[in-house]
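Let me begin by presenting the structure, written as structure tokens, before commenting on it.
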Amino acid sequence: MAEEKNPMLPKEIRVYSEKHHIHGTIKDYGFVTKLVFAFEGKEIEMGITRNIFSGETFEEVGRDIIDSYIDNLAKRDGNRRLMYHYWYVDIREYSGKPFKIGHGVVTGHERLADSVFSHSSEVKAIHIDEDREEAVLTTRNSVYHCPLAYCDFKEQEKFPDIIPDYEKIKKKYEGKLDNPTIEPGKVLLVLANFCEYYFHSICYIPRDSKDKKPLEWLKWAHVGMFQDSYLISVKGTRIDLRYFPHFQNIEFYSTKTEDMPLYLENIGDVTLYAKTDCGTIRLEPGDRKEVSEENVETERPILPSGDLYPAAIIEGDISNELSDGKRNV
């Protein structure tokens with residue numbers, strides 16, 4: 001009697017990049033499709049989609065995205081540091097024993113994708129580097145660099161004694177995070193790979209502002225079954241930005257700025273792309289560019305268009321694949 005295939009297992013499609021001699025696998029769960037491959041010792045996982053009306057196959061999509069990732073997205077200078085932003089350290093109990101555990105939005109991890117909120121293994125030591133203005137968390141196998149200005153003081157307040165000189169650090173750094181600014185009459189969207197959905201901040205100062213202070217803003221994520229989106233607005237205005245977040249790129253579907261120029265800035269440490277009405281704009285770390293035709297890439301790169309945080313799935317049992325958002329790690 002033939003063995004029946006488990007309907008919960010994904011349909012797997014093998015892909016191969018002849019250009020870079022890399023094999024990958026597309027896992028099609030029906031409602032979620034992922035591309036998985038390894039590059040320089042790191043496993044890359046990203047949500048992908050394909051245009052069914054163009055006739056392209058998953059094999060072609062997977063091959064092209066692997067090539068584009070290596071050519072346009074991969075950071076290969078070897079100088080990236082393992083970091084946590086929006087971090088804190090707490091105490092968890094396992095088997096009746098207390099352990100210090102670090103939490104934060106991770107970048108530079110050998111396995112995890114940037115912008116994923118994760119937790120460390122047991123923290124063995126915590127050191128404050130005043131020159132670099134960061135806390136250094138040492139685990140058995142890793143060292144996490146944590147900027148003090150990006151400490152989640154609300155969470156850390158529950159375990160203040162864990163951090164050396166905590167009260168001094170809190171007084172100096174709480175609420176002191178400097179957001180990039182721009183001159184009045186322009187809109188600046190700040191992106192970073194150390195922020196969930198890549199959103200860091202938005203700056204808008206009205207031309208007639210007397211105090212020259214940026215207006216307050218609102219932001220929220222809409223977590224969909226197939227595709228997440230991110231929405232940003234500025235209080236007291238009709239400024240409204242909306243985009244789909246993908247792997248190392250965002251895709252705007254609404255950009256209302258009251259006819260004022262929109263600028264994008266990348267304060268992270270990897271290349272990001274923005275798909276706009278003008279075309280695709282490349283943002284190297286430190287770049288600030290206006291959304292205009294003169295800043296568009298002449299040759300549009302092939303970029304992943306699937307969900308930035310594809311649903312975590314336990315193969316063989318998908319009953320709780322969306323039990324905690326899409327960022328279980």
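The values are calculated or read from the model by the stated rules, or taken from the named source; none is laboratory data. The structure presented is a predicted model; accordingly, all values stated were derived computationally and were not measured. So basically every Cβ, Gly included, is an ideal-geometry build from the backbone, and we count neighbours across all protein chains shown. Calculation scope for accessible area: heavy atoms of the full protein, side chains included, ligands and nucleic acids excluded. Shrake-Rupley method; radii C 1.70, N 1.55, O 1.52, S 1.80 Å.
Miscellaneous remarks
- A count restricted to segment 238-247 and to residues that are open to solvent by 20 Å² or more (accessible area, probe 1.4 Å) and more than 30 Å from G30 (Cβ to Cβ) stands at 2.
- Taken as a whole, the structure leaves Y94 outside the set of residues that are farther than 21 Å from E284 by Cβ, modelled with pLDDT of 95 or more and either touching a Gly at 6+ places or on another chain (Cβ under 7 Å) or open to solvent by 30 Å² or more (accessible area, probe 1.4 Å) (or both).
- Evaluation of G102 against (1) closer than 21 Å to I169 by Cβ; (2) open to solvent by less than 40 Å² (accessible area, probe 1.4 Å); (3) modelled with pLDDT under 95 (one fails), failing number: (3)
- Here Y309 meets each of (1) modelled with pLDDT of 95 or more; (2) at negative phi with one exception, condition (1).
- A74 meets the conditions (1) under 24 Å from V36 (Cα atoms); (2) among the small types (G, A, S); (3) crowded, with 20+ Cβ neighbours inside 10 Å; (4) free of Cβ contacts under 8 Å to residues at least 60 places away in the same chain in every case but one. The failed one is (3).
- For K124, the stated conditions hold: it is open to solvent by 10 Å² or more (accessible area, probe 1.4 Å), closer than 28 Å to E40 by Cβ and without any contact (Cβ under 8 Å) to a residue 40 or more places away in the chain.
- Condition broken by H21, with the remaining ones in (1) modelled with pLDDT of 90 or more; (2) open to solvent by less than 10 Å² (accessible area, probe 1.4 Å) satisfied: (2)
Matching residues to (1) of a type outside the set (D, E); (2) open to solvent by 60 Å² or more (accessible area, probe 1.4 Å); (3) in contact with a Gly (Cβ under 9 Å, 6 or more places away or on another chain):
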| position | (1), (2), (3) |
| --- | --- |
| L215 | yes, no, yes |
| H222 | yes, yes, no |
| I232 | yes, no, no |
| G236 | yes, yes, no |
| E258 | no, yes, no |
| L264 | yes, no, no |
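- Qualifying residue in segment 129-138 (condition: open to solvent by less than 10 Å² (accessible area, probe 1.4 Å) and touching a Leu at 6+ places or on another chain (Cβ under 7 Å)): yes
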